[in-house]
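Notes follow once the structure below has been shown.
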């Protein structure tokens with residue numbers, strides 16, 4: 001029963017990761033379309049949006065593509081070496097959860113800096129446009145990472161509970 005429950009928790013977490021990769025890539029694609037409309041009147045803003053959206057598409061596609069093989073490897077390890085699975089996966093997920101906190105503070109700092117620069121440099125359209133583009137992407141990524149962290153916390157609790165039994 002323990003392996004089945006852990007398998008379900010693993011699949012729930014990683015299915016969420018896979019879908020998140022698709023959502024991030026789709027958000028990047030939508031932003032590119034939106035930015036293309038703004039390219040003429042708000043060039044620096046639109047270019048910033050496009051450049052960062054390309055990075056989001058790459059990250060999202062990368063997350064989606066690597067998640068399938070990661071699931072296969074972890075499911076195989078859970079079936080053949082459950083003790084090793086737990087020890088390694090607990091350590092990995094604790095690190096992932098700690099890193100989320102750091103990344104979220106960086107994203108929050110980018111939001112604040114972007115807002116300050118957009119307001120204080122509003123008479124300098126290039127700087128204000130870049131600042132607004134950074135602000136929008138940082139806000140999107142912060143939302144994405146807060147949701148991912150919550151999903152990771154549920155998975156980590158399942159790992160810890162299974163390790164204690």
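The values are calculated or read from the model by the stated rules, or taken from the named source; none is laboratory data. Quantities reported herein were computed from a predicted structural model and do not represent experimental measurements. Note: ideal-geometry Cβ built from the backbone for every residue, glycine included; neighbour counts use all protein chains shown.
Observations
- When residue 108 is tested against (1) in contact with a helix residue (DSSP H, G or I) (Cβ under 7 Å, 6 or more places away or on another chain); (2) surrounded by 14 or more Cβ atoms within 10 Å (Cβ to Cβ), exactly one condition is not met: (2).
- Only one of the numbered conditions (1) more than 16 Å from the chain's Cα centre (by Cα); (2) in contact (Cβ under 8 Å) with a residue 40 or more places away in the chain; (3) within 17 Å of residue 14 (Cβ to Cβ); (4) surrounded by 15 or more Cβ atoms within 10 Å (Cβ to Cβ) is violated by residue 68, and that is (4).
- Check on residue 1, in contact with a helix residue (DSSP H, G or I) (Cβ under 7 Å, 6 or more places away or on another chain) and either more than 30 Å from residue 69 (Cα to Cα) or at pLDDT below 95 (or both): no
- Of the numbered criteria (1) farther than 18 Å from residue 17 by Cβ; (2) exposed (fewer than 14 other Cβ atoms within 10 Å of the Cβ); (3) at pLDDT 95 or above; (4) touching a helix residue (DSSP H, G or I) at 6+ places or on another chain (Cβ under 9 Å), the one residue 87 fails is (3).
- When the range 4-13 is filtered for residues that are surrounded by fewer than 19 Cβ atoms within 10 Å (Cβ to Cβ) and touching a helix residue (DSSP H, G or I) at 6+ places or on another chain (Cβ under 9 Å), the ones remaining, listed by number, are 5, 7, 8, 9, 11, 12.
- Check on residue 74, under 23 Å from residue 12 (Cα atoms), surrounded by 15 or more Cβ atoms within 10 Å (Cβ to Cβ) and more than 18 Å from the chain's Cα centre (by Cα): yes
- Every pair of residues 6+ apart whose Cβ atoms lie under 8 Å, when the first sits in the range 98-115 and is under 12 Å from residue 148 (Cβ atoms) while the second is outside any helix (DSSP H, G or I) and modelled with pLDDT of 95 or more: none
- Residue tally, condition without any contact (Cβ under 8 Å) to a residue 24 or more places away in the chain and either farther than 16 Å from residue 141 by Cβ or under 11 Å from the mean Cα position of the chain (by Cα) (or both), over the range 15-31: 2
- In the set (1) over 16 Å from the mean Cα position of the chain (by Cα); (2) at pLDDT 95 or above, the condition left unmet by residue 163 is number (2).
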